[in-house]
Amino acid sequence: MSKKYYPTIGLEIHAELATQTKMFCACKNDPDEEKPNVNVCPVCMAHPGALPVINKKAIENVIKVGLAINGKIADFSEFDRKNYFYPDIPKGYQISQYKYPIVSGGNLAGMDITRVHLEEDTANNKHVSGVGHPEFQVSNTRNDGYSLIDFNRSGVPLMELVTEPHTLESSDEAAEKASRFAKELQLILWYLGVSEANMEKGEMRVEANISVSTDPKKLGTKVEVKNLNSFRSVERAIKYELDRMAQLFEEGKESEIIQETRGWDENKQKTFSQRKKEGSADYRYFPEPDLPKLRLHEAFDLEKMKKELPELPAGKRARYKKDFGIKDEDIEAYINDPLLGAWFENVAKILGDKEKIKIASNYTTSDFMGLKKAKTEARLPSANNFSELVNLVAENKISSRAAKDILAIIVIDDGSPLKIATEKKLLQSNDTNELKQIAQKIIEANAKVVADYKGGKEQALMSLVGQIMKETKGSANPAVTKQILIDLLK
């Protein structure tokens, strides 16, 4: 392209909070309920005269998020009515927050945060196609189908986090940064225990505000992209939309970039126009008259809540790096799977040695993960037994091959690796006299390989080592075996 384009991204992320009940009523908050319209009541169905009551736990959860991202917790906050008409909003307005959010500011994964606020989730629209449906074959009317509405989700507490716009150097960088931020937020929600944040279930939804400009100090026309239900979709949709805008600039058609809402088509891997983007004035916000004002510094002990926060991903990364010295990709495996991380910490505590801990991490993230993927019944062995296995490897009592075989046993039937190695004769032999006899037999049976080695082919020696290992069923010490061969072939 002939010009330099500066992409700007901002994110709006919604996460359903894992409370027992909905935001403004006592209905069960159950994202796994399959039967429609069972977790409903006059409040979340907007029956006349029904009054909302604030769920204190939901507010507490948002405050925890605010403390985790070093945001400012508001002293005064209130709820507002956001007015718009859509089938999944039974009241004709959504209870949300506008001027006085619970959290302002903060930072996460290198992105500044504008605000975090609470609102109620909408109902679910279920679209049924009319094509081939018997109800639509009785007239010549259009067979467009119809929509059904499930109100189980209506009124579920929904946290919305909005980031500041970030101007970057390329569409690739913008897409990667957005995806990294969304992943880190999901981890924060997990660690705090405030949301399952399962994107496949719609418990966490990402919307991206995107613009392109030829001047890094000026923002272009903003487009909002919705329907991003996976981290891969976040990256691909942002990159596609930024490249689409840059191409319109190249063709002199920047006027075709309008402020609108666009969807992401996963099948076609492209965005599509949905509707003109509304501004805040279109929603006619005003304070919710049926709910009290909130004095959060009086209602919550913020200092106590801050102290009671669990160790968060950033802190855990730094501690693992300092205390264990393991690879970054290994650390991420433990960060992304807290149960695996807790188990590995027990292993590290038992081993107490950095070099052994590194060995343990290698066997965990490569061999164990491989077994788990191949065998659905594979489970983590006890920390004690796994540590025993690592000690056998570190002390050269078993070979790497034997360690893999023993690991494959204890992930199915947990037991003592030393006992297994003894019973299966997998303990490495350092008996030089016995190994010399086996080595001599292998040398005599492989005259060509011996000739290749003496002719300068070093790899031929390893072929002989491999045959001895096979002969001894992996019990020979490879280092000792190699030295014996070298001595015999001088």
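Nothing in this text is a laboratory measurement; each read-out follows from the coordinates by a stated rule. These numbers were taken from a predicted model, which means no experiment stands behind them. All Cβ positions, even for glycine, are placed from backbone atoms using ideal geometry, and neighbour counts span all protein chains on display.
Of note:
- Pairs of alpha carbons in the chain whose separation is greater than 41 Å (percent): 42 percent
- Linear extension gain, His127 paired with Glu355, 0.36 nm per residue minus alpha-carbon span: 76.3 nm
- Over 19 Å between alpha carbons, listed pairs Lys321/Lys354; Lys349/Lys425; Lys239/Lys270; Lys91/Lys226: Lys349/Lys425; Lys91/Lys226
- Order of Val212, Val128 under a 10 Å beta carbon neighbour criterion, fewest first: Val128, Val212
- Using a simple spin-label model with pseudo-atoms 7 Å out from Cα toward Cβ, Lys327 and Glu423 lie 3.3 nm apart.
- Local electrostatic count, Leu392, Cβ distance below 15 Å [Lys/Arg +1, Asp/Glu -1]: 0
- When the C-alpha to C-alpha distance is required to be over 25 Å, the pairs from Lys4/Lys222; Lys4/Lys183; Lys183/Lys222 that qualify are Lys4/Lys183.
- When each of Lys35/Lys201; Lys177/Lys316; Lys64/Lys358 is checked by Cα-Cα distance, pairs over 25 Å: Lys64/Lys358
- Summary of the geometry: segment 1-31 and segment 357-429, compared by the centres of their Cα atoms, lie 42 Å apart.
- Put in line by how crowded their Cβ is, counting other Cβ atoms within 10 Å and starting with the fewest, Phe79, Phe181 read Phe181, Phe79.
- Sequence-distant aspartates and glutamates (8 or more away, or on other chains) whose Cα lies within less than 16 Å of Lys253: Glu241, Asp243
- Exposure proxy ranking, count of Cβ atoms within 10 Å, fewest first, for Glu303, Glu173: Glu303, Glu173
- Relative to the longest principal axis of the Cα atoms of the chain, helix 478-488 runs at roughly 30 degrees.
- Only lysines eight or more places from Lys375 in sequence, or on another chain, were considered; those with a Cα closer than 19 Å are Lys404.
- Under the Karplus curve 6.51 cos²θ - 1.76 cosθ + 1.60, θ = phi - 60°, whole-Hz ³J(HN,Hα) for segment 250-259, x wherever Gly or Pro sits: 4, 8, x, 10, 4, 5, 7, 7, 10, 6
- Semi-axis lengths, Å, segment 313-423, gyration tensor of Cα atoms, sqrt of 5 times eigenvalues: 23, 16, 11
- Summarising the label geometry, the points placed 7 Å from Cα in the beta-carbon direction at Ser230 and Ala50 lie 3.6 nm from one another.
- Within the shell defined by Cβ-Cβ distances under 12 Å, the residues around His297 carry a net charge of -2, with Lys and Arg each +1 and Asp and Glu each -1.
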